[in-house]
Structure formats: C-alpha cells, structure tokens
1. Please turn the phi angles of segment 87-93 into ³J(HN,Hα) values with the Karplus equation 6.51 cos²θ - 1.76 cosθ + 1.60 (θ = phi - 60°), one per residue in order, whole Hz, x for glycine and proline.
2. So what is the 222 nm mean residue ellipticity for the chain from helices alone, if each DSSP H run of at least 4 adds -39500 (n - 2.57) and you divide by all residues, rounding to the nearest 500 deg cm²/dmol?
3. Can you work out ³J(HN,Hα) from phi for every residue in segment 44-50, in order, using Karplus 6.51 cos²θ - 1.76 cosθ + 1.60 and θ = phi - 60°, giving whole Hz and x for Gly and Pro?
4. Using 0.36 nm times the number of residues separating Arg26 and Glu130, minus their current alpha carbon distance, what extension gain do you get?
5. For the chain, which whole-number percentage of the solvent-accessible area (1.4 Å probe, protein heavy atoms only) is attributable to carbon and sulfur atoms?
6. State whether segment 18-66 is rounded, prolate or oblate according to the following rule on the C-alpha gyration tensor (a ≥ b ≥ c being the square roots of its eigenvalues): a/c under 1.5 gives rounded; otherwise a/b larger than b/c gives prolate, and the remaining case gives oblate.
7. What are the extents of the Cα atoms of segment 30-152 along their three principal axes, in Å, largest first?
8. Scattering from the C-alpha atoms of segment 41-91 alone, worked out with Debye: what is log10 I(q)/I(0) at q = 0.18, 0.24, 0.25, 0.30 1/Å?
Amino acid sequence: MRAAVHEPDPSHVSQLVRPALDAYGRRRVRVALTEYLEDGTVADAAGAIRAMYWTAIGLRYQPGTRVLTPESAAERDSYQELSRRTAKAALRRFVDEHDLDLRRCILPNLSLRRASHPAELQELVTRALEIARSSDDEYLRHRVELQADPRP
C-alpha cells in the first residue's frame, strides 16, 4: 500500500492497488488506505484518497431499474461502517489541513450534504463548505458548488 500511496502518477496507482486487492481483498486494502488517511502525513493522506478510487465497489442494478441487485446491496451494506470511518477522516483532514493538494484530492470524494453525516460532524461539514467557498483556489470554489446543497 505504501507504494500506491506514494506513487505520483495516478495512472500507475491501479497497477499497485489491483495486486493488493487480489492478494488481501477489498476490505483490508480499504482499511489500510483509511489508516493512511487518518494518521499519515499530508502526502500520505492525499495518496490514500487517490488510491481509494481503485477500491470502489462495483454496484449492479436490476435490469431496467434503479434497484440494486441483492448481491450489490449486501456488499454495499457490509462496507457502511468502513465508509463512514473513511468519510469522517476525509472531512476532518479537509478541515484541519491547509495543504491545497490534499484538499483538492479530498473534495471530489467528500459528501457536503449535512444530512449524510451524523450530528457530531455537522459543524465540520459547515466548516468544510466555508473553507472551499472562501478559498483562493478556483477549483475548490467551483467544485464545492457542484457538490453542496443549494445555499438557503
């Protein structure tokens, strides 16, 4: 995982993540990447977020519907707690760190809907919105408006 987290070329990250997925399984890989996000350096956290792209669960829907197949629903449900842990870590890092690269990596993967977070994280969501909207960085300002609930 360290090699995937430290790989500077995003197109090469999959070549490092896929063998780990085959050898250790999706859960262990996602846990390891979440630990880098939670406790790693700023560069580790940014690399972990980039690598997580390759660990996404492939959801399948019943033909002609927006209803998940039973297998996809079960897999999604089995990852809910880990997904909450990852989302909490990403939100905390976005708010606490001032590194622009890290914030750019985190924001596209960050839910900015207050209702999607537990009450104890609501203030962090509000702070993340404020940070992105007031940023000097045009990408963050644009991206937050695509993702956030409409302003009241």
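1. The phi angles translate into 4, 5, 5, 5, 5, 4, 5 Hz.
2. On the way: 9 runs with 100 residues, N = 152.
After summing the helix terms and dividing by the residues of the chain, the value is -20000 deg cm²/dmol.
3. Values, residue by residue: 4, 4, 5, x, 5, 4, 4 Hz.
4. Full extension of this stretch gives 34.1 nm more.
5. Answer for the chain: carbon and sulfur cover 50 percent of the accessible area.
6. Values: a/c = 3.24, a/b = 1.98, b/c = 1.64.
Prolate, because a/c is 1.5 or more and a/b exceeds b/c.
7. For segment 30-152, the Cα spread along each principal axis is 45, 36, 27 Å.
8. -0.69, -0.94, -0.97, -1.13
The values are calculated or read from the model by the stated rules, or taken from the named source; none is laboratory data. Note that the structure is a prediction, hence the values are computed from the model and not measured. Here the Cβ is made from the backbone with ideal geometry for all residues, glycine too, and neighbour counts use every protein chain on show. Side chains are part of the model used for accessible areas, which takes the heavy atoms of the whole protein and leaves out ligands, DNA and RNA. Shrake-Rupley method; radii C 1.70, N 1.55, O 1.52, S 1.80 Å.
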